[in-house]
Amino acid sequence: MRWTEQTLSQLNSQGGFRLRGESMTRIEVFSDAAFAFAVTMLVISLSSMPQNYDELLTAIFRIPSFAASFAVMMLIWITHRRWSQRFGLDDGVSTFLTLVLIFVVLIYVYPLKLLMDMMFYSFSQRLFPANFIVSSTAEVAVLVAIFSVGLLLIALVQLGLYLRASSKGDELCLNQLEKLLIRKESLIWIAQIVLSLLVTITALSFMSSYGFLAGIFYSLTPLLVFLLTMQTRKEIRINLSKSNGENEEA
């Protein structure tokens, strides 16, 4: 669908974007079902129904790692849902990228849960249980690298989706604000790609020593998002000032 300013003026807005995709497409319905299935896989991984008091306590102590895994999965789902609402694209490239995202998520769900189990197991001094047992820090480093590769692929797909939306600028009738926001989102995903690469390379390069600590680099993500957001706001103010100046001259 080729949008016009007249049709776009009738849409709801959120975060600076006109919401072109509030009506769900079949690929969105399929992606929602796939994410629901991924969450079901997380629940199944918790183990069977407790049969006694000790098993009940063990199940309760598994909740934090499940909650952390669930939060990551929902964050991935929300970012894709937000993209779908903003642009409503249903072309071949967008569908392919969405299917790749679903494929990666369904594979990524178990490494994610295992890493969360190990993280809570280690930080709690073995208070929280973990079924997945490692015999060395090198094995933990490999698990961190596997997790980072999954996150890298997800970030690449998300970047591809925003680049696809940018290439459809005329069809979507993107305004200057939306173009700036797309640029910000793209830079955030590029930063995530770089961080994932850094973590993967560090984890494998120092596998026999401190590679298992490579995931600490992910703590830089909030800072990078904040800096990129501030830079985008600055560019928006500059563009608004220029637009106001041109209007006054006219």
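Overview of results
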read-out	value
Where Tyr110 falls short, out of the listed (1) more than 12 Å from Tyr162 (Cα to Cα); (2) modelled with pLDDT of 90 or more	(2)
Hey, Glu171 in contact with a Leu (Cβ under 7 Å, 6 or more places away or on another chain) and open to solvent by 20 Å² or more (accessible area, probe 1.4 Å) or not	no
Residue that is least open to solvent (accessible area, probe 1.4 Å), among those in region 48-74 that are of a type outside the set (A, V, I, L, M, F, W, C) and either free of Cβ contacts under 8 Å to residues at least 24 places away in the same chain or assigned to a loop (DSSP other than H, G, I, E, B) (or both)	Arg62
Test: residue in region 216-238 that is in contact with a Ser or Thr (Cβ under 7 Å, 6 or more places away or on another chain) and over 22 Å from Ile76 (Cα atoms)	no
Some residue of region 1-16 being at pLDDT below 85 and in contact with a helix residue (DSSP H, G or I) (Cβ under 6 Å, 6 or more places away or on another chain)	yes
For Ile154: the one exception among (1) modelled with pLDDT under 95; (2) under 30 Å from Tyr121 (Cα atoms)	(1)
Flag for Ile78 being touching a residue at least 12 places away in the same chain (Cβ under 8 Å) and open to solvent by 30 Å² or more (accessible area, probe 1.4 Å)	no
Hits in region 94-133 (condition: part of a loop (DSSP other than H, G, I, E, B), hydrophobic (A, V, I, L, M, F, W, C) and either surrounded by 14 or more Cβ atoms within 10 Å (Cβ to Cβ) or without any contact (Cβ under 8 Å) to a residue 40 or more places away in the chain (or both))	Phe128, Ala130, Phe132, Ile133
Residue selected from region 134-156 under the condition among the polar types (S, T, N, Q) and not in a loop (DSSP other than H, G, I, E, B), by the criterion most open to solvent (accessible area, probe 1.4 Å)	Thr137
Matching option when the condition is surrounded by fewer than 20 Cβ atoms within 10 Å (Cβ to Cβ), within 30 Å of Gly15 (Cα to Cα) and in contact (Cβ under 8 Å) with a residue 60 or more places away in the chain, among Leu177, Leu159	Leu177
Residues of region 191-229 satisfying the condition of being open to solvent by 70 Å² or more (accessible area, probe 1.4 Å) and either of a type in the set (Ser, Thr, Tyr) or touching a Pro at 6+ places or on another chain (Cβ under 7 Å) (or both)	Ser205, Ser208, Tyr210, Ser219
Count of residues meeting criterion [in a loop (DSSP other than H, G, I, E, B) and either under 21 Å from Val100 (Cβ atoms) or open to solvent by 90 Å² or more (accessible area, probe 1.4 Å) (or both)] in region 13-47	5
Unique match (being hydrophobic (A, V, I, L, M, F, W, C) and more than 20 Å from the chain's Cα centre (by Cα)) among Ala71, Ala145, Ala130, Ala67	Ala130
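The values are calculated or read from the model by the stated rules, or taken from the named source; none is laboratory data. Every value quoted in this text rests on a predicted model; they were computed, and no experiment measured them. Note that we place each Cβ from the backbone using ideal geometry, even for glycine, and neighbour counts take in every protein chain shown. With ligands, DNA and RNA removed, areas are computed over all heavy atoms of the protein, side chains included. Shrake-Rupley method; radii C 1.70, N 1.55, O 1.52, S 1.80 Å.
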